[in-house]
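Report on the following structure.
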Amino acid sequence: KDLYEAINGVRARLLQIPLWLQSAFYSPDNPMTDPNHLTAPTPADLTICTVLFGDSWFLNQNILFTRKIAELDQAKWLVVRNLPADPQVDPLVDLPNVQCIDGAMMTEELRDMKFGPEHRGMGPNFHHAYGLMIGAKQIKTRYVLFLDPDCYFLQKNWISDCLRHIHKNNLAFFGVPYHAQHHSCFRYFPTGVGFFIDSKQISLKDIDFTPGSDPAEKETTPRQPSDWFYERFLKLIRRSSRLEMARFEDAGTKIIQKYRDNPLVRSECVPSAWEPRLSDRAFLAKVLDFILPDRYSMIPKRPGYMTPELGEADYLQFSHRYKAECYNWNNAPFAIHVRTRYVTTQHPLEELKSELLKLLNRLSDQK
């Protein structure tokens, strides 16, 4: 085992040599050595791309809210409206920098998901992924933010701040990951809920958002010799569900598999606002999370991946009542993902819209 880990360690360090050389010659005071080209990006270098299917209310509020708190007038917002759609029933806000194009059609084949038993019931995921890929081919700016209609970025001037951070740290990917509380989802990489891509580093023409596993990237984390022991131990104590940890396939999982563990591609996640309540968990679950490696633990172990909840009382009350996913950045609330498809099965739609609008209005009035 020690020899195996040593060989992997040497291999990882050899692959990092180009990044070390780049860092060694980079100086913030000398733009000629800037690996992100000569000038820092501006909001005009960004296109926000959102796939819309059905109710446009949440996206309209997102656009209007972003226009109030950030530099949206300088950026572009591309809306890919998946079909079938009725623009008369669900009209978009009329702004000069908001463009709408037709997306993917929800076919009977997609609805029934006849692509194989492993994908049954995932028609909406593929429909959304096809829309994202249609939008990706239309991007003309260097930076793109793929953003769900119901994921709201909250900080003032976040467009400039995010682009500056991406530029300074030479990031290819930056954004929110699957929330840390979802132990079945991939960890430690931004997801299509809301993430930036630098198209100078990652080609958008060949990017594949469809769910599933890329055969060439089947295992993002190499199997360890100890996996044999852990697998048999978990089966023995009837905890086989932990063997499927962090493997849920959704739109964008092929991107995660391809780039997450590539040392030549820099990425960064915005931390999830979540503190596991250990008092609510069974004793055995707490023991297993303590002794098992991250890949079998229900609680992520990488430092900085989670932070305590932040924000004022109405923000926290809204997130708790509607089980919204919150993220913090620079010691302040950064994003909230409302997850409307889930919430509207638990609460009336009009109630959710009313409470969300109150929260957004209060946040936009803050100085």
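Every number here is computed from the coordinates shown, using simple stated rules; none is lab data. Not measured: the values here are computed from a predicted model. Because the Cβ atoms are built from the backbone with ideal geometry, glycine has one as well, and the counts that use them run over all protein chains shown.
Using a simple spin-label model with pseudo-atoms 7 Å out from Cα toward Cβ, D94 and A332 lie 3.4 nm apart. Extension gain for R302-N361 works out to 17.7 nm (0.36 nm per residue, less the C-alpha to C-alpha distance). A crude spin-label estimate for the pair L204 and E275, with each label 7 Å from Cα along the Cβ direction, gives 4.0 nm.
Given R₀ = 41 Å, FRET efficiency for L316-N170 by Cβ-Cβ distance, to 0.05?
Values: r = 35 Å, r/R0 = 0.85.
Efficiency computed from Cβ-Cβ geometry: 0.75.
Using R0 = 25 Å, the C-beta based FRET efficiency linking F229 and H182 works out to 0.40.
Past 29 Å, Cα to Cα: identify those pairs from K258/K286; K68/K323; K76/K200, in the order given.
K258/K286
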